Every structure is written in structure tokens, then in C-alpha cells.
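The values are calculated or read from the model by the stated rules, or taken from the named source; none is laboratory data. Everything numeric in this text was worked out from a predicted model, so none of it was measured. Every residue, glycine among them, receives a Cβ derived from its backbone with ideal geometry; neighbour counts consider all protein chains shown. Remember, those area values only see protein heavy atoms, side chains included, never the ligands or the DNA or RNA. Shrake-Rupley method; radii C 1.70, N 1.55, O 1.52, S 1.80 Å.
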Amino acid sequence: MNPVERDFETVVGLEVHAQLLTRTKLFCGCETSFGRAPNTHVCPVCAGHPGTLPRLNGGAVRKAIAACLALGSEVAEVSVFSRKNYFYPDLPKGYQITQFEEPIGRGGYVDVPLADGTTKRARLERIHMEEDAGKSVHEGEHSLVDLNRAGTPLVEIVGKPDLSSGKEAAAYLRTLRDALVFAGVNDGNLEEGSFRCDANVSVRRRGDPELGVRVELKNINSFRFVEKAIEVEAARQIAIVSAGGRVRSETRGWDEAKEATFAMRSKETAQDYRYFTEPDLLPLRVDPVLVEAVRRDLPEGPTAKRRRYVEALGL
């Protein structure tokens with residue numbers, strides 16, 4: 001770290017998309033199998049045909065509840081689905097069904113192990129359910145669309161800006177993935193895209209209570225790349241601010257070959273997406289009896305298991 005960088009601190013908040021381990025999609029009966037021939041797990045519902053209606057997958061709700069419980073999040077008795085409107089070729093309806101103002105889970109935390117043997121508690125803002133988009137495949141001058149993944153059930157786990165380095169972010173992701181895998185919620189497979197991360201990165205001068213301008217690093221698919229991308233992006237922002245410039249609020253990608261981030265688009269806001277309540281789905285009401293049943297079935301988590309192995313078994 002050079003003398004200029006020592007005058008700044010990095011602030012990181014992570015948004016993780018974790019695919020729920022269900023056999024079928026969130027709002028239809030199509031399978032969620034990975035690696036099948038393109039557009040073979042598609043029906044009128046997940047292809048966005050006019051007049052089709054979504055039907056909520058009860059198994060996905062149980063998995064989402066398990067994710068909340070595994071991460072200490074409060075399960076809402078009532079949550080609401082919304083439409084997030086944007087145009088992209090692999091989003092056939094022209095909107096994504098997600099949860100916005102009333103998510104299924106609020107709060108929670110991840111205890112992040114640090115290099116000095118201590119832990120740092122990173123708080124969670126919310127956990128909400130949503131459907132995945134399809135996949136765009138670029139071949140030369142042509143772009144193809146595979147809708148097999150469209151409608152796959154996800155939880156998005158939104159962390160507060162409590163992390164301060166790429167190393168902490170990577171440790172957070174490893175800990176979070178372990179918790180979800182142990183809970184039977186997610187398979188933790190980064191290569192297949194079932195565990196994906198967006199990182200919100202800003203910098204500020206040490207002691208400044210105000211957060212800097214936030215830049216989002218999109219869809220980074222390895223812990224090593226997350227760590228490196230955050231450090232490189234923080235250094236880029238520090239150089240801009242030190243030179244008297246202003247960081248732009250934007251979405252950026254990560255180029256591993258160049259070891260640099262690159263601009264993708266200006267940062268969207270909630271207003272850009274024109275959220276409104278999904279008219280084809282009633283509010284989701286979760287019976288507290290169901291929550292307790294999911295809690296009873298929840299396997300022992302990795303932190304508790306390590307503690308028991310050490311304290312009770314003397315390992």
C-alpha cells in the first residue's frame with residue numbers, strides 16, 4: 001500500500017445471488033437442470049407468453065426460509081412480490097419477478113474469519129426471493145439466447161457496507177457459501193453460476209463518516225477474482241479522488257486478463273426499474289408453524305459444528 005492509499009479506506013457491501021436447490025423453477029414446472037441443450041427446459045410461463053400466470057413453488061419458499069434461519073435473518077410473516085422492469089434479450093417478459101419493499105427476510109449476519117484469528121460480524125440488510133433471467137451467448141457478430149435458466153429460483157442476500165477489503169469480501173463469501181451449503185439451500189457452484197456475487201465498492205478518506213460514490217462490480221465468479229477486483233477498483237477510485245476528480249456511479253465488469261475493471265453502464269436506481277406490486281401473485285403469508293418446522297429440520301451449521309468438534313470432541 002502506497003502512502004496515498006493509506007489515507008483512504010475501502011468500503012464494500014456484497015450482493016449474493018444463490019440458486020435454491022429445487023427440482024423445478026420458481027413459477028412453473030420446468031426443471032432447473034444445468035447443462036442441458038439450449039431452450040429445452042422452457043414453457044409458455046418462463047418464456048413470458050402473454051396471458052400466462054405464475055404459480056409459486058412451495059419448495060422454493062421452504063428453502064428461502066431455511067436460508068433466512070441459517071443466516072440469523074427474521075422471516076417475515078407477510079412478504080410481497082414485485083415486478084422489476086428492464087429490457088434485455090434474455091428477459092422475455094420484459095420484467096423480473098422479485099421482492100422489493102417487503103422481502104421474506106430482514107437482518108441477519110455473517111461472522112467473517114479474519115487472518116489474525118478473530119472474526120468480524122458483517123450485517124445483512126435483507127434476503128429476498130426472485131427469479132433468474134436467461135443466458136445470452138455471444139458468438140462472433142451474433143448473440144443467442146438460452147432460456148433454460150429463466151425462472152430459476154434465487155435468493156438475493158444483500159449485505160450492509162461492513163467489509164473493508166478484498167480479503168474480507170472473499171472470506172465473507174466462503175463463510176456464506178458454507179452456511180448455505182450446510183443448510184441444503186444451495187450447491188455453492190460458482191462455475192455453473194448457482195452462487196454469484198456483485199460487489200459495491202467505494203472509498204473515503206479515513207475518519208470521514210460519509211460514504212463515497214458507490215461502484216458496482218457485476219457477476220464475479222470466483223473468490224480470487226472478487227478479492228482482486230475489489231482491490232484494483234479501490235485503487236482506481238483512490239487515484240481519481242486524490243487527483244481531485246469525482247468517481248462516477250456506474251456498473252463495471254472485471255477483466256482478468258488485463259487485471260482491470262471496465263465500464264459497462266451507468267448505475268441504475270430503484271426509480272429506473274419502475275417497481276410495482278406483481279398483480280398476478282397474492283402476498284406470501286408464512287405460517288410461524290412452518291418456520292419452526294423448517295428450523296427443526298435445519299442441519300447443524302459449519303460454525304456450530306467446528307465449535308462442537310473442538311469443545312466437545314477435543315479436536
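Tabulated values for the structure
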item: Charge context of LYS120, other residues only, Cβ under 13 angstrom, K/R +1, D/E -1; result: 0
item: Largest-first principal axis extents of the Cα set of the stretch 166-243 (Å); result: 47, 23, 17
item: Cα-Cα separations in the stretch 8-69 greater than 18 Å, expressed as whole percent; result: 51
item: Between the stretch 182-198 and the stretch 24-81, the Cα center-to-center distance that results, in Å; result: 15
item: Integer Hz, Karplus 6.51/-1.76/1.60 couplings in order for the stretch 297-303, x for Gly and Pro; result: 7, 6, x, 4, x, x, 5
item: Length-normalised contact order for the stretch 124-273 - Cα pairs under 8 Å, 6+ apart - percent; result: 16
item: Furthest towards positive pole of dipole, LEU144, ILE127, GLY51, structure part the stretch 24-162, Cβ charges; result: GLY51
item: C-alpha center-to-center spacing [the stretch 110-127, the stretch 204-274] in angstrom; result: 22
item: Surface/4 of the Cα convex hull for the chain, nm²; result: 18.7
item: Value of Rg/Rh across the stretch 245-291 [Cα atoms, Kirkwood radius]; result: 1.29
item: Square roots of five times the Cα gyration tensor eigenvalues for the stretch 58-165, Å; result: 30, 20, 12
item: Solvent exposure of the stretch 19-84 as accessible area per residue, Å², 1.4 Å probe; result: 47
item: Local electrostatic count at GLY314 - Lys and Arg +1, Asp and Glu -1, tallied over other residues with Cβ under 15 Å; result: +3
item: Surface/4 estimate of mean projected area, convex hull on alpha-carbon atoms of the stretch 91-226, nm²; result: 10.9
item: Angstrom value of the Kirkwood radius, inverse mean 1/r, which spans all Cα pairs in the stretch 139-198; result: 13.9
item: Principal axis dimensions, the stretch 188-284 - Cα atoms, whole angstrom, descending; result: 51, 32, 25
item: Cut-off under 5 Å, modelled amide H: who pairs with LEU163 long-range; result: VAL12
item: Cβ crowding within 10 Å averaged over residues, with 122-134, 275-287 ranked highest first; result: 122-134, 275-287
item: Listed peptides 31-41, 196-206 by packing density, highest first (mean Cβ within 10 Å); result: 196-206, 31-41
item: Average projection area in nm² (convex hull over Cα atoms of the stretch 1-109, one quarter of hull surface); result: 10.9
item: Heavy-atom accessible area per residue - the stretch 147-220, 1.4 Å, Å²; result: 36
